Structures are given as structure tokens and as C-alpha cells.
Amino acid sequence: MRISMKITISSKIREAAPNLQLAIITCEVENSPTNAEFWFEMESEANRIANTFTIDEINKRPEIAATRQVYKKLGKKPNRYRPSAEALCRRIVRQIPVYQVSTLVDIINLVSIRSGYSIGGF
């Protein structure tokens with residue numbers, strides 16, 4: 001089944017983020033509880049983040065810094081409304097475990113943590 005959709009980006013967002021690139025994936029999936037092998041991958045990435053960054057360095061990761069800059073241009077306070085990738089990485093550095101939710105949510109969180117970009121799944 002092919003899904004057709006039209007996505008429009010407002011001029012305000014285009015001005016604030018002229019290099020914005022989007023990727024959209026549509027698929028049918030069957031969600032499941034997270035398995036141990038995947039969670040080992042999540043914990044390995046969390047350890048890498050915890051061993052690489054301090055709490056003061058998280059928002060300086062280029063991907064997170066770019067998102068924060070766009071937030072500011074759009075009038076949003078990034079210290080009050082943190083990008084999800086930043087919030088997850090800060091949580092890890094503060095030694096607060098990331099929740100296991102489900103395979104799909106956990107994959108999105110892993111991509112956000114690893115890439116520094118806030119990823120959404122709907």
C-alpha cells in the first residue's frame with residue numbers, strides 16, 4: 001500500500017533552519033517489548049556518551065547546538081524546553097537510566113542519543 005502525503009514547512013521554520021533536511025519513513029510494524037540484545041546496544045551507547053561528555057558539553061555537540069540555535073530563533077527557550085536528544089544525553093551523563101518502553105520507542109531513542117538529532121515517531 002502506498003501512502004501519499006504532503007508536507008509543508010512554514011517560512012518561519014525555513015528562515016530559522018535554512019539547512020533543515022527531513023527524512024520520512026512509512027511502514028507497518030508490529031511493536032514488541034525490547035529484547036536483551038537490543039538493550040545491550042542501548043547500554044553500550046549510553047556508556048559511550050557517559051564516557052565522552054560532561055553535563056556541560058552535551059549542548060555543545062554540533063547536532064544539539066544546531067537544534068538549540070533553531071529553538072532560539074523560533075522564540076523557544078532551549079534550557080526550558082530541551083531537544084529530546086539533549087534531554088536523553090543529559091539523563092545518561094547524570095547516571096539516570098533511560099527507560100525501556102518498547103522496541104519502536106527504544107530504537108528512536110537510540111538513534112537520537114547516537115546522532116544527537118531529535119527523532120520523532122508517530
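No value in this document is a laboratory result; all are computed from the given coordinates. Remember, predicted model here, so these are calculated numbers, not experimental data. Counting neighbours? That spans all protein chains shown, and the Cβs are built from the backbone with ideal geometry, glycine included.
Exposure proxy for 27, 89: other Cβ atoms within 10 Å of each Cβ, ordered fewest to most, give 27, 89. Which of the following values of Cα extents along the principal axes in Å was calculated from the structure shown: [x] 42, 29, 26; [y] 38, 35, 30; [z] 45, 43, 20? It is the one labelled [z]. Extension gain for residue 96 to residue 5 (0.36 nm times residue separation, less C-alpha to C-alpha distance): 28.9 nm.
Summing charges over neighbours of residue 40, with a neighbour being any other residue whose Cβ is under 14 Å away from its Cβ, gives -4 when K and R count +1 and D and E count -1. Give the shape of region 1-65 as rounded, prolate or oblate, defined through the alpha-carbon gyration tensor: a ≥ b ≥ c are the square roots of its eigenvalues, a/c under 1.5 means rounded, and otherwise the shape is prolate if a/b is larger than b/c and oblate if not. Verdict is oblate for region 1-65. The longest stretch of the chain left intact once loop-based trypsin sites (Lys or Arg not before Pro) with at most 11 other Cβ atoms within 10 Å are removed from consideration, loops following DSSP, is 7-79. Taken about its Cα centre, region 1-89 carries a charge dipole of about 900 debye when Lys and Arg each add +1 at the Cβ and Asp and Glu each add -1 at the Cβ. From least to most packed, judged by other beta carbons within 10 angstrom and beginning with the fewest, 11, 115 follow the order 11, 115.
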